[in-house]
Amino acid sequence: LQKTLILLQVTTSVVIGKTLMILFPNAMKRHILKLGEKSRMNENPKFSYENWGPTFFSFKYLLFVLRVKWKRLEDEAWEGHPAPNTPVVTLNGEVHHLLDFMQDNRPLILNFGSCT
């Protein structure tokens with residue numbers, strides 16, 4: 001049921017976004033560029049709007065967003081249930097899963113933080 005609701009929400013969003021891009025291309029370009037500012041994508045001198053802007057609301061975009069949202073459904077943690085085995089990336093770029101780091105009966109401790 002959750003996947004169906006996500007499919008309907010994302011598909012509706014993509015159809016509306018694509019329609020607005022066709023009807024109001026300049027306004028949508030400004031809107032997408034503002035989104036790029038929030039994600040700091042605009043700071044990369046190798047990317048211009050023409051490289052990534054038109055990909056918004058495409059069929060590939062739809063499939064990508066669906067894959068990400070459906071994968072996140074598997075990452076939900078519930079009290080009293082096993083921890084999700086989410087993918088993690090090491091500092092040298094290797095992809096593992098969280099539970100790959102479990103050893104024997106030792107507890108696995110996750111420490112979250114940030115450096116700003």
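The values are calculated or read from the model by the stated rules, or taken from the named source; none is laboratory data. Remember, predicted model here, so these are calculated numbers, not experimental data. Here the Cβ is made from the backbone with ideal geometry for all residues, glycine too, and neighbour counts use every protein chain on show. Side chains are part of the model used for accessible areas, which takes the heavy atoms of the whole protein and leaves out ligands, DNA and RNA. Shrake-Rupley method; radii C 1.70, N 1.55, O 1.52, S 1.80 Å.
Annotations for the structure displayed:
- Rounded tilt (10° steps) of 59-74 against the dominant C-alpha axis of the chain: 30 degrees
- Potential lengthening of the chain between Phe101 and Ala77 amounts to 6.9 nm, from the contour at 0.36 nm per residue minus the alpha-carbon distance.
- Sequence of Phe64, Phe57 from largest to smallest accessible area, 1.4 Å probe: Phe64, Phe57
- Average accessible area per residue (Å²) across the chain - probe 1.4 Å, nucleic acids and ligands excluded: 85 Å²
- When a 1.4 Å probe is rolled over the protein heavy atoms, the share of accessible surface on the range 1-108 that falls to carbon and sulfur comes to 61 percent.
- Summed over qualifying helices (DSSP H, 4 residues or more, each -39500 (n - 2.57)) and divided by its residue number, the chain shows a 222 nm mean residue ellipticity of -15500 deg cm²/dmol.
- Acute angle (nearest 10 degrees) that the helix 2-23 long axis makes with the longest principal axis of the chain, alpha-carbon atoms: 30 degrees
- Inter-label distance for Asn111 and Val89, nm, one decimal - labels placed 7 Å from Cα along Cα-to-Cβ: 2.3 nm
- Contact order for the chain, expressed relative to its length and based on alpha carbon pairs under 8 Å spaced 6+ residues apart, stands at 19 percent.
- Two-decimal log10 I(q)/I(0) for the range 30-116, as the Debye equation yields it once each C-alpha is a single scatterer, q = 0.14, 0.16, 0.23 Å⁻¹: -0.82, -0.96, -1.21
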